[in-house]
Amino acid sequence: MLTAYIDDSGHKDDDNTPIFSVGGVVAPIHAWRQFETEWVEVLSEFQVSQSHMKHFAHTRGDFEGWSEGKRRNFLGQLMKIMDVYVKFYVGAVLPIQDFQNLGEQQREDLKDPYYACFQVSVHGVGIYAKNNFPEEK
């Protein structure tokens, strides 16, 4: 069985966010158990409660006052874990201006950039599953 974790960034009504995106990772369910164990170990080593990129990128919360070396070390350790356990990445990006430039009916049909980006990402998971596990339903 495969499991995908998908998250979004941006909002169609936020003037400070010009792009909406959805990204995710896919791996067999057994890989997530070990992934989570190692991920929590790194968070604990660096005394970080959660790894939110919006906090890391802007050196806020647990990341406040970190040196560039510590930041690189932390992120590098997390990326090594992802490299071992994540088998496939999915994602989609939709500039908010492009969404706003759609016709009224198209915007109404889509409702939100989230749905278009999510659909593309889930489609990517389906393609990966079909290509790598054709015997599975």
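The values are calculated or read from the model by the stated rules, or taken from the named source; none is laboratory data. Everything numeric here is computed off the predicted structure, so don't read it as measured data. Here Cβ is always computed from backbone atoms with ideal geometry, including for glycine, and neighbour counts include all displayed protein chains. When the accessible area is computed, the model is the full protein with side chains, heavy atoms only, and any ligands, DNA or RNA have been set aside. Shrake-Rupley method; radii C 1.70, N 1.55, O 1.52, S 1.80 Å.
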Practice task
Express in Å², to the nearest 10, the accessible area of E135 obtained by rolling a 1.4 Å probe over the protein heavy atoms while all chains stay in place.
Solution key: 130 Å²
Handout entry: (1) 44, 33, 27; (2) 40, 40, 31; (3) 51, 46, 18, with the label sought being that of the calculated Cα extents along the principal axes in Å
Key = (3)
Practice task
Grab the DSSP H runs of the chain that are 4 residues or longer, score each as -39,500 (n - 2.57), total them, divide by all residues and round the 222 nm result to the nearest 500 deg cm²/dmol.
Solution key: -16500 deg cm²/dmol
Exercise for the section: Give me the number: length gained by fully extending S67 to D7, i.e. 0.36 nm times residue separation minus the C-alpha to C-alpha distance, one decimal in nm. Expected result: 18.9 nm
Completion exercise
In nm, the gap between the two label points placed 7 Å beyond Cα toward Cβ at M79 and Q100 is 3.4 nm
Exercise for the section: Hydropathy first: keep DSSP H helices in the chain averaging at least -0.5 on Kyte-Doolittle, then drop any whose Cα extent along the axis falls short of 24 Å, and list what survives. Expected result: 29-45, 113-132
Exercise for the section: May I ask you to list the lysines whose Cα is less than 20 Å away from that of K87, ignoring any residue fewer than eight positions away on the same chain? Expected result: K130, K137
Fill in the blank from the handout: For the chain, the dipole about the Cα centre with charges only on Cβ (Lys and Arg +1, Asp and Glu -1), to the nearest 20 debye, works out at 400 debye
Completion exercise
Heavy-atom accessible area of the chain with neighbours in place, 1.4 angstrom probe: carbon+sulfur share in percent works out to 51 percent
Problem - Distance between segment 21-43 and segment 65-137 - C-alpha centres, whole angstrom - result: 15 Å
Handout entry: Sequence of M1, M82, M53 when ordered by accessible area, the most exposed leading, probe 1.4 angstrom
Key = M1, M53, M82
